[in-house]
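The values are calculated or read from the model by the stated rules, or taken from the named source; none is laboratory data. Quick caveat: nothing in here was measured; it's all calculated off a predicted structure. Don't worry about glycine lacking a Cβ; one is built from the backbone with ideal geometry, like all the others, and counts go over all protein chains shown.
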Amino acid sequence: MRLGVFQCEGGEASPQERLSRLETVLQAQPCDLVVTPELFLSGYAVGDVIRELAEPQDGAYVRDVGELARRHSTAIVFGYPEQDGKEFYNAAACVDRDGNVVANHRKLLLPPGFEATYFTPGHGRTVFELDGVRFGLLICYDAEFPESVRTLAQAGVDVIIVPTALAENWHSVAFRMMPTRAFENGVWLLYANHAGAEGALRYLGASCILGPDGEDAARAGSEEELICAELDLAVVSSLRERLPYLNDVEALQRRLAE
């Protein structure tokens, strides 16, 4: 499976323009799965318009992304603002290569800042399968907690997807924390950030595809680009055998409690 992360330029762009840019890079570099940033379709730092751009799970966003997925035979994970009745969520959905929705994750934890003004926190873990591979889905701040990634790894996930909107001053999250999350759980990790600027926010870029050894399989710079890597599940099995963190954590917890 060929994995891709689309690091999209921030700024004032409509959902249709953002999808058009995604299609352009997919035409140049086909992928089996491509991941876009947090709130990709609306933009992240867009102020009050975020609720105006919100859609239900079965709205136009899903239909448009589904059509794109079918045209390119590519599964797509995309961030968007979701409306469910009177509630709004910072969400990310996955459509498979046939355009069918296979997952929808609502961000579990809202960090200090504007998100708590607009969104309601989600609940539960999000696990799904594509081509026999088991994936987990988190959004940005969710993945900065060891517990969230560990819970998905213990549920049998081999690849964790994290759309994000990481500002330029959080270098350590992209270059230290996310590699640690991949290494300590023996999972592949796809971290999809924006590039450039949006309003007063400047993004770090530095999107990455991390192997289960915590090393970069692909790493973006600071500009818009699509990065790709081939998924190798055999590496997951061999590393978990060599470093059995998932098997030993329960024993460690018991001994700490004694």
Lys86 meets each of (1) farther than 24 Å from Ser222 by Cβ; (2) touching a residue at least 24 places away in the same chain (Cβ under 8 Å); (3) surrounded by fewer than 17 Cβ atoms within 10 Å (Cβ to Cβ) with one exception, condition (2)
Total residues in the stretch 163-188, condition farther than 20 Å from Phe114 by Cβ, in contact (Cβ under 8 Å) with a residue 40 or more places away in the chain and of a type in the set (A, V, I, L, M) | 1
Output for Cβ contacts, cut-off 6 Å, separation at least six or different chains, first residue loosely packed, with under 10 Cβ neighbours inside 10 Å in the stretch 243-258, second assigned to a helix (DSSP H, G or I) and modelled with pLDDT under 90, reads none
Within the stretch 92-114, which residues are in contact (Cβ under 8 Å) with a residue 40 or more places away in the chain and under 17 Å from Val65 (Cβ atoms)?
-> Ala92, Cys94, Arg97, Val101, Asn104
In the set Arg21, Arg71, the lone residue that is of a type in the set (Lys, Arg), under 18 Å from Asn193 (Cα atoms) and at pLDDT 95 or above is Arg21
Considering only the stretch 35-62, state which residues are of a type outside the set (D, E, K, R), within 18 Å of the chain's Cα centre (by Cα) and closer than 14 Å to His194 by Cα.
-> Val35, Thr36, Pro37, Leu39, Phe40, Leu41, Ser42, Gly43, Tyr44, Ala45
Requiring at least 3 residues that are in contact with a strand residue (DSSP E or B) (Cβ under 8 Å, 6 or more places away or on another chain), the helices (runs of 4 or more DSSP H) wholly within the stretch 11-112 are 15-28, 60-72
Residues of the stretch 115-142 satisfying the condition of being of a type in the set (Phe, Trp, Tyr), free of Cβ contacts under 8 Å to residues at least 60 places away in the same chain and surrounded by fewer than 21 Cβ atoms within 10 Å (Cβ to Cβ) | Phe128
